[in-house]
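Here is the structure we will look at, set down as structure tokens.
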Amino acid sequence: PLVSMTDMLKKANAEGYAVGQFNLNNLEFTQAILQAAEEEKSPVILGVSEGAGRYMGGFKTVVKMVEGLLEDYKVTVPVAIHLDHGSSYDKCKEAIDAGFTSVMIDASHDPFEVNIETTTKVVEYAHAKGVSVEAELGTVGGQEDDVIADGVIYADAKECEELVKRTGIDCLAPALGSVHGPYKGEPNLGFTEMEEIRGLTGVPLVLHGGTGIPTKDIQKSISLGTAKINVNTENQIASAKRVREVLAADENVYDPRKYLGPAREAIKETVAGKMREFGSSSKA
Ligand code: G3H
Ligand code: ZN
């Protein structure tokens, strides 16, 4: 069933695992992620960036596609449809009105007081409809769709405390050295800050840029209060690799089902592996 992230993430914190947010890019991604979740008996968060939402037709198309698959696949595990890196109050409202059960308002690039103001407005609208809210502080490196950073700025612990207390958000993404897209070398995550922020805020923490983070860092993050880990690039790489293999092996393939079907399998395997790594398998 469709739910917000609130109970999902509280349970994850209490039981020491993280729920994966896997980003949707098209129908096959959505199918693969839902199939993996159902087979693994894992809760799951479907992440939709504004760019991917546009690509698929719009937020309404995304919600109806997900609802259709939940019925056709007889999905029993908890599923959240979450706006990833929402850029404004209006975009968050549009997603909520279309049926999203969760939104992220990413006003991390704005001055602190503006971030608080925008996030507060989103929380008021969202909570009245039972929708959960994630906010961000600091800067996640790299690039994802419209979200481009030229550097990494670590979140400030005191600001995190104040943002959570003044806005009432359900979970917080403090940028602590993670990067969207592949890492150049090993990530250098700020675990000391993570522990401090968790202690000061008490809310479930979110780790963006989940692609390429070693298992030991994943485990450490979970032990320090991380309850949600976002993964997109790794699924995209797995899917593109499989399409290349299929097309390279046989020049006569033209039916999209013949290459997108195998790509869907590759995504499903990758997602299932992440669910086991994050410890969310059998937790639905
Ligand atoms: O918001 C989505 C994520 O932070 C995805 O990051 O593409 O590096 O896995 P990634
Ligand atoms: Zn992100």
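The values are calculated or read from the model by the stated rules, or taken from the named source; none is laboratory data. As the structure is a prediction and not an experimental result, all values here were calculated from the model. All Cβ positions, even for glycine, are placed from backbone atoms using ideal geometry, and neighbour counts span all protein chains on display.
Total residues in segment 138-170 satisfying the condition of being within 13 Å of ligand 2 (Cβ to nearest atom) and either among the small types (Gly, Ala, Ser) or buried (at least 24 other Cβ atoms within 10 Å of the Cβ) (or both): the figure is 5. Filtered by the rule that a residue be more than 9 Å from ligand 1 (Cβ to nearest atom) and assigned to a strand (DSSP E or B), segment 204-220 gives a lone residue, Leu205.
Could you check how many residues of segment 77-119 are of a type in the set (Ser, Thr, Tyr), under 20 Å from Leu207 (Cα atoms) and touching a strand residue (DSSP E or B) at 6+ places or on another chain (Cβ under 7 Å)? Explain how you work it out, then say what you get.
Looking only at segment 77-119, we keep the residues that are of a type in the set (Ser, Thr, Tyr), and these are 87-89, 101-102, 108, 118-119.
Imposing the further condition that a residue be under 20 Å from Leu207 (Cα atoms) reduces the set to 87, 101-102, 108, 119.
With the extra rule that they be touching a strand residue (DSSP E or B) at 6+ places or on another chain (Cβ under 7 Å), the set shrinks to 101-102, 108, 119.
Selection size over segment 77-119: 4.
Elements of the type strands (runs of 3 or more DSSP E) sitting completely within segment 94-149 and holding at least 3 residues that are modelled with pLDDT of 95 or more: these cover 102-105, 132-137.
Conditions (1) within 18 Å of the chain's Cα centre (by Cα); (2) within 16 Å of ligand 2 (Cβ to nearest atom); (3) within 21 Å of Ile105 (Cα to Cα); (4) of a type in the set (A, V, I, L, M), marked per residue:
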{"site": "Gly47", "(1), (2), (3), (4)": "yes, yes, yes, no"}
{"site": "Glu50", "(1), (2), (3), (4)": "yes, yes, yes, no"}
{"site": "Val63", "(1), (2), (3), (4)": "yes, no, yes, yes"}
{"site": "Val77", "(1), (2), (3), (4)": "yes, no, no, yes"}
{"site": "His82", "(1), (2), (3), (4)": "yes, yes, yes, no"}
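So, Ser223, is that one touching a helix residue (DSSP H, G or I) at 6+ places or on another chain (Cβ under 7 Å), touching a residue at least 12 places away in the same chain (Cβ under 8 Å) and more than 12 Å from ligand 1 (Cβ to nearest atom) or not? No; evaluated as a whole, the condition is false for this residue. Of everything in segment 177-193 that's in contact (Cβ under 8 Å) with a residue 12 or more places away in the chain, away from ligand 2 (no atom under 13 Å from the Cβ) and part of a loop (DSSP other than H, G, I, E, B), which residue is nearest to Gly141 (Cα to Cα)? Ranking the qualifying residues of segment 177-193, first place goes to Gly177. Within segment 122-139, residues that are without any contact (Cβ under 8 Å) to a residue 40 or more places away in the chain reach partners that are aromatic (Phe, Trp, Tyr) with beta carbons closer than 8 Å, at six or more positions or on different chains, in the pairs Val122/Tyr89; Tyr125/Tyr89; Gly138/Tyr154. Put simply, of Gly190, Gly185, Gly209 the only residue that is at positive phi and at pLDDT 95 or above is Gly209. Taking the listed residues Glu134, Glu113, Glu117, Glu196, the one that is under 23 Å from Leu9 (Cα atoms) and away from ligand 2 (no atom under 16 Å from the Cβ) is Glu196, with no other qualifying.
Could you check, for segment 241-259, whether at least one of its residues is closer than 30 Å to Ala175 by Cβ and either within 16 Å of ligand 1 (Cβ to nearest atom) or in contact (Cβ under 8 Å) with a residue 12 or more places away in the chain (or both)? Yes, that holds for at least one residue. With respect to the stated conditions, Val75 fails to be assigned to a helix (DSSP H, G or I), more than 15 Å from ligand 1 (Cβ to nearest atom) and surrounded by fewer than 24 Cβ atoms within 10 Å (Cβ to Cβ).
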